[in-house]
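J.: Supplied in structure tokens, the structure appears directly below.
The values are calculated or read from the model by the stated rules, or taken from the named source; none is laboratory data. These figures come from a predicted structure and were not determined experimentally. When we count neighbours, we look across all protein chains shown, and the Cβ atoms used for this are built from the backbone with ideal geometry, even at glycine.
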Amino acid sequence: MVRVSSSVAWATILGILLGLGLWSLVSMAPRLSRPSLAERTAPYLVDVSAGARQFLSKRSSDPLPVFGVLLSPMARVAIDFLNGVLGGTEQIDRRLAQSRASVSLEYFRAQQLVFGVVGLIAGTVLVVVSSSTMAVPVMTQLAIPVVLAVVGIVVRDLVLRSAARRRIARIDSELPTVLEFLTLSLSAGETVLDGLRRVARVSSGELAREFAVVVTEVNSGVGLVAALESRASALALPAFTRCVEQMTGALDRGTPLSDVLRAQAQDSREDTKRALLEAAGKKEVTMLIPVYV
């Protein structure tokens, strides 16, 4: 069993924290170089290009690029290993789109790798500190860093899953109101594209952002039906997918779209009411706790 004095352990921890703090302070210093072409054009392509969103989301204090330069061969092997063991690349891509995360799949795997390394380091420090005060079995000393590394990888996936679930829930709750507003715009004589543009300009919800992406793609040359189907495939929300199918069908047949959207808004409200009743039925006992307390 390894025994290290507590002063050495605390010196190591404080040295790591000091290094990270100095690194962050140095990285916040402004650069005096001229902006590149990518830096000038990325803000205008952020709605249609995932690469532009990823470029703008970069911060100089982000340690991933430094790790990528210093440890690129090992990081590449580790990322490939994570892809092979964890799998589910299609689900990760869908969750990234649902959460509107401005990172790619490879960057997300790199974040998982960093979380795992942080867990491994935390487990090693915990073993060093605990072994200096008590006798810890060798198997436990080896298992704690590995378990914390796995926990770090899983935590990053859970954070993405939670963000995607929350955003999809917000879009689902906004759908009836946005459809009614779009129906009002169509009834006033506007086209579908003008109605989507008005919704994206006036509203500030998550669904309005998705319609803003549709408008931007149409302005860049993509067909309206293809843009709507692309967003429906990316979100994978059943209510929104049914709405897009009804809209594209009405556009193909030339039928009045306002009646279709009004019916879809009513169906969406009924689905929301049904979901609330089901949730209340499942949590009936839990809802009585505030009454007794």
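J.: Which residue out of Phe115, Phe181 is farther than 28 Å from Phe211 by Cα and either aromatic (Phe, Trp, Tyr) or touching a strand residue (DSSP E or B) at 6+ places or on another chain (Cβ under 6 Å) (or both)?
T.: Numbers: Phe181 fails: farther than 28 Å from Phe211 by Cα.
Step by step, each of Phe115, Phe181 is checked, and only Phe115 is farther than 28 Å from Phe211 by Cα and either aromatic (Phe, Trp, Tyr) or touching a strand residue (DSSP E or B) at 6+ places or on another chain (Cβ under 6 Å) (or both).
J.: Right, something else. Would the range 125-146 turn up any residue that is under 30 Å from Leu237 (Cβ atoms) and modelled with pLDDT of 85 or more? Explain how you work it out, then say what you get.
T.: The first filter runs over the range 125-146 and keeps only residues under 30 Å from Leu237 (Cβ atoms), leaving none.
No, every residue in the range 125-146 fails to be under 30 Å from Leu237 (Cβ atoms) and modelled with pLDDT of 85 or more.
J.: Does Gly189 qualify as being assigned by TED's automatic domain parsing to the domain that holds Arg231, on the phi > 0 side of the Ramachandran plot and more than 27 Å from the chain's Cα centre (by Cα)? Walk me through it before giving the result.
T.: On the way: assigned by TED's automatic domain parsing to the domain that holds Arg231: yes; on the phi > 0 side of the Ramachandran plot: yes; more than 27 Å from the chain's Cα centre (by Cα): yes.
Yes: the conditions hold for Gly189.
J.: Scan the range 201-231 for residues that are within 13 Å of Leu175 (Cα to Cα), of a type in the set (Gly, Ala, Ser) and part of a helix (DSSP H, G or I) and report the count.
T.: Selection size over the range 201-231: 1.
J.: Okay, moving on. Thr255 is checked against (1) assigned to a loop (DSSP other than H, G, I, E, B); (2) closer than 28 Å to Arg166 by Cβ and fails just one. What number does that condition carry?
T.: In the conditions (1) assigned to a loop (DSSP other than H, G, I, E, B); (2) closer than 28 Å to Arg166 by Cβ, Thr255 misses (2) alone.
J.: Which of the residues spanning the range 1-45 are modelled with pLDDT of 70 or more, in a loop (DSSP other than H, G, I, E, B) and surrounded by 13 or more Cβ atoms within 10 Å (Cβ to Cβ)?
T.: Passing the criteria: only Leu45.
J.: How about the range 122-136: which of its residues are free of Cβ contacts under 8 Å to residues at least 60 places away in the same chain and either surrounded by fewer than 19 Cβ atoms within 10 Å (Cβ to Cβ) or not in a helix (DSSP H, G or I) (or both)?
T.: Scanning the range 122-136 gives Ala122, Thr124, Leu126, Ser130, Met134.
J.: Also: Would you confirm whether any residue within the range 129-152 is under 26 Å from the mean Cα position of the chain (by Cα), over 30 Å from Gly254 (Cβ atoms) and among the polar types (S, T, N, Q)?
T.: no
J.: Can you tell me which residue in the range 219-249 is surrounded by the fewest Cβ atoms within 10 Å (Cβ to Cβ), limited to those that are of a type in the set (Gly, Ala, Ser) and in contact (Cβ under 8 Å) with a residue 24 or more places away in the chain? So that I can check it myself, show each step before the final result.
T.: Step one: filter the range 219-249 for residues of a type in the set (Gly, Ala, Ser), giving 220-221, 223, 226-227, 230, 232-234, 236, 239, 249.
Now drop any that are not in contact (Cβ under 8 Å) with a residue 24 or more places away in the chain, which leaves 220, 234, 236, 239.
Values: Ser220: 12, Ala234: 16, Ala236: 15, Ala239: 18.
That would be Ser220.
J.: Only one residue in Thr248, Thr286, Thr255, Thr272 is β-branched (Val, Ile, Thr) and under 22 Å from Ser99 (Cα atoms). Which one?
T.: Values: Thr248 fails: under 22 Å from Ser99 (Cα atoms); Thr286 fails: under 22 Å from Ser99 (Cα atoms); Thr255 fails: under 22 Å from Ser99 (Cα atoms).
One residue alone meets the criteria, Thr272.
J.: Being modelled with pLDDT of 80 or more and loosely packed, with under 13 Cβ neighbours inside 10 Å is the filter; apply it to the range 250-274 and report the residue that is nearest to Ser187 (Cα to Cα).
T.: Glu270
J.: Please list, ordered by first then second residue, the pairs with beta carbon atoms under 8 Å, 6 or more apart or interchain, first in the range 88-111 and in contact (Cβ under 8 Å) with a residue 24 or more places away in the chain, second of a type in the set (S, T, N, Q) and assigned to a helix (DSSP H, G or I).
T.: Ser102/Gln54; Val103/Gln54; Val103/Gln111; Ser104/Gln54; Tyr107/Gln54; Arg109/Asn83
J.: How many residues does the range 94-124 contain that are at pLDDT 85 or above and charged (D, E, K, R)?
T.: 3
J.: Okay, next question. Say we look at the range 178-191 and pick out the residues that are in a helix (DSSP H, G or I), touching a helix residue (DSSP H, G or I) at 6+ places or on another chain (Cβ under 8 Å) and free of Cβ contacts under 8 Å to residues at least 60 places away in the same chain; which of these is nearest to Ala234 (Cα to Cα)? Reasoning before the result, please.
T.: Filtering the range 178-191 for residues in a helix (DSSP H, G or I) gives 178-187.
Filter once more, keeping what is touching a helix residue (DSSP H, G or I) at 6+ places or on another chain (Cβ under 8 Å): 178-183, 185-187.
Still in the list and also free of Cβ contacts under 8 Å to residues at least 60 places away in the same chain: 178, 181, 185.
On the way: Val178: 19, Phe181: 23, Ser185: 26 Å.
Selected residue: Val178.
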